[in-house]
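Accompanying notes for the structure given below.
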Amino acid sequence: MSIIQVSLEEKIERLEAIEEIRKLIANYCHGVDKKEYDLFLNIWHKEAVFDVPHIRVGSGIEEITDMLETIKSNSKESYHHISNSVIEVNGNTASGIHDVLFGRLLANDEYSLLSGTYRDEYVEENGRWYVKKRAFTPHPIKSPIFD
C-alpha cells in the first residue's frame with residue numbers, strides 16, 4: 001500500500017478552490033433571490049449547461065439568460081437555502097452535490113416550496129472557477145405551511 005504525500009501548498013490550493021466554488025454556489029442564490037442578475041450570470045462558464053426539469057435545459061450563456069427570464073416571470077420573490085454540500089476538486093475541474101430548499105412567491109401570489117438536489121460540475125479557466133453544468137433533481141415535498 002502506497003501513501004501519497006500531499007504538500008501543504010497543494011492542500012491550500014485545494015481549500016482555496018473549494019472556497020471559490022462555495023462562492024459560486026452562494027452567488028447563484030444571491031443573484032436570483034436578491035435580483036442581482038449579473039451576479040447570477042457571472043458564475044456560468046460560456047459553454048455551461050443548466051438542467052432544470054420543470055423549466056428546460058439551457059446550453060450556453062444566451063440560453064441560461066433566457067431561462068433566467070422565465071424564472072423572473074414566474075416568481076415575485078425567491079429564497080434558496082443550500083445545505084449538505086460536498087465538493088470534490090481534481091486539478092482544474094471539480095464536482096459538487098448540494099441539497100436545496102427553495103421557497104418562492106409565484107407571479108399569481110401563491111407560495112411554493114420546493115426541495116431538491118443540485119449536481120454540479122465546475123471548471124477553472126485563467127485562475128477563475130465557473131459552473132460548467134448544474135442539474136436539478138426535485139424531491140417530492142408537501143408543506144402544511146402553505147396549504
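Please treat every number below as a calculation from the coordinates, not as lab data. This structure is a prediction, so every number in the text was calculated from the model and none was measured. Note that we place each Cβ from the backbone using ideal geometry, even for glycine, and neighbour counts take in every protein chain shown.
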- line: From fewest to most C-beta neighbours within 10 Å, the residues Tyr130, Tyr28 line up as Tyr130, Tyr28
statement: Listed by chain and number, the aspartates and glutamates with an alpha carbon less than 14 angstrom from that of Lys35, same-chain partners under 8 positions apart left out, are Glu69, Glu77
query: Arranged by the count of other C-beta atoms within 10 angstrom, fewest first, what order do Leu114, Leu105, Leu15 take?
result: Leu15, Leu105, Leu114
- prompt: Residues with beta-carbon under 11 Å from that of Ile61, excluding Ile61: net charge, scoring Lys, Arg +1 and Asp, Glu -1?
  reply: -3
query: Ranked by Cβ crowding within 10 angstrom, fewest neighbours first, how are Asp109, Asp51 ordered?
result: Asp109, Asp51
message: Using the Cα centre of the stretch 8-146 as origin and beta-carbon charges of +1 (Lys, Arg) and -1 (Asp, Glu), tell me which of Ser83, Ile97, His54 is placed farthest towards the positive end of the dipole.
response: His54
query: How much length is gained if the chain between Asn84 and Lys34 is pulled fully straight, taking 0.36 nm per residue apart and subtracting their Cα-Cα distance, in nm to one decimal?
result: 15.8 nm
- request: Could you sort out which of Lys46/Lys76; Lys46/Lys132; Lys23/Lys46; Lys34/Lys76 sit more than 20 Å apart by Cα distance in this structure?
  value: Lys46/Lys76
query: How high is the relative contact order of the stretch 8-146, in percent, with contacts defined as C-alpha pairs under 8 Å that are six or more residues apart?
result: 21 percent
- prompt: Beyond 28 Å, what share of the Cα-Cα pairs of the chain remains, rounded to the nearest whole percent?
  reply: 23 percent
The stretch 34-104: GluC sites (Glu not before Pro) in DSSP coil with no more than 14 other Cβ atoms inside 10 Å: Glu36
- prompt: Between Ala26 and Glu110, what is the FRET efficiency for a Förster distance of 25 Å, r being their Cβ-Cβ separation, to the nearest 0.05?
  reply: 0.35
